[in-house]
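Below: the structure, in structure tokens.
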Amino acid sequence: RRCQIIKISKSSAVLTMPTQFKLPQNFYLDVPSARIGMVGCLVKRVHANNVVEARFLRLISDRDLNRIFVYSTHPNHRNRVLDIYG
């Protein structure tokens, strides 16, 4: 299923789902635009408006988090660039 990441940190994320469906307690999150795959997640809370709060099973590294911000369309992430030498 596709989703949109509304909020993300090293340990958790808030996701919106376009349609309502039964989400398993454990799932994997892929971020294809940033080439990050199979981040294990645990559902913390599901809201009525198809918003899901999920906790990661391991912390996301600063490098991967910055990569997600680079490919983000959010206005606060507009001037982020990838460090190809790091």
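The values are calculated or read from the model by the stated rules, or taken from the named source; none is laboratory data. Since this is a predicted model, take the numbers as computed values, not measurements. Glycine also receives a Cβ, built like all others from the backbone with ideal geometry; neighbour counts cover every protein chain displayed. Calculation scope for accessible area: heavy atoms of the full protein, side chains included, ligands and nucleic acids excluded. Shrake-Rupley method; radii C 1.70, N 1.55, O 1.52, S 1.80 Å.
Can you pull out every residue in the range 13-24 that is open to solvent by 30 Å² or more (accessible area, probe 1.4 Å) and farther than 11 Å from H47 by Cα?
P18, T19, F21, K22, L23, P24, listed by residue number.
How many residues are among the polar types (S, T, N, Q), over 18 Å from I6 (Cα atoms) and out of contact with any strand residue (DSSP E or B) (no Cβ under 8 Å at 6 or more places or on another chain) if we restrict to the range 17-66?
First, pick out the residues of the range 17-66 that are among the polar types (S, T, N, Q): 19-20, 25-26, 33, 49-50, 61, 66.
From what's left, over 18 Å from I6 (Cα atoms): 25-26, 61.
If we keep only those that are out of contact with any strand residue (DSSP E or B) (no Cβ under 8 Å at 6 or more places or on another chain) as well, we get 61.
Residues meeting the conditions: 1.
Anything in the range 8-24 that is free of Cβ contacts under 8 Å to residues at least 12 places away in the same chain and either closer than 16 Å to Y71 by Cβ or among the β-branched types (V, I, T) (or both)? List them, or say none.
none
Restricting to the range 1-14, give me the number of residues that are touching a strand residue (DSSP E or B) at 6+ places or on another chain (Cβ under 7 Å) and modelled with pLDDT under 90. So that I can check it myself, show each step before the final result.
If we filter the range 1-14 for residues that are touching a strand residue (DSSP E or B) at 6+ places or on another chain (Cβ under 7 Å), which is where we start, we get 3-7, 11-14.
From what is left, the residues that are modelled with pLDDT under 90 are 3-7.
Here the count works out to 5.
Please go through the range 25-55 and give me each residue that is farther than 16 Å from R67 by Cα, open to solvent by 70 Å² or more (accessible area, probe 1.4 Å) and outside any strand (DSSP E or B), ordered by number. Even if it seems obvious, please write down each step before you answer.
Residues of the range 25-55 that are farther than 16 Å from R67 by Cα, as a first pass: 25-28, 40-55.
Still in the list and also open to solvent by 70 Å² or more (accessible area, probe 1.4 Å): 25-26, 28, 44-46, 48-49, 55.
Residues satisfying the conditions are Q25, A48, N49.
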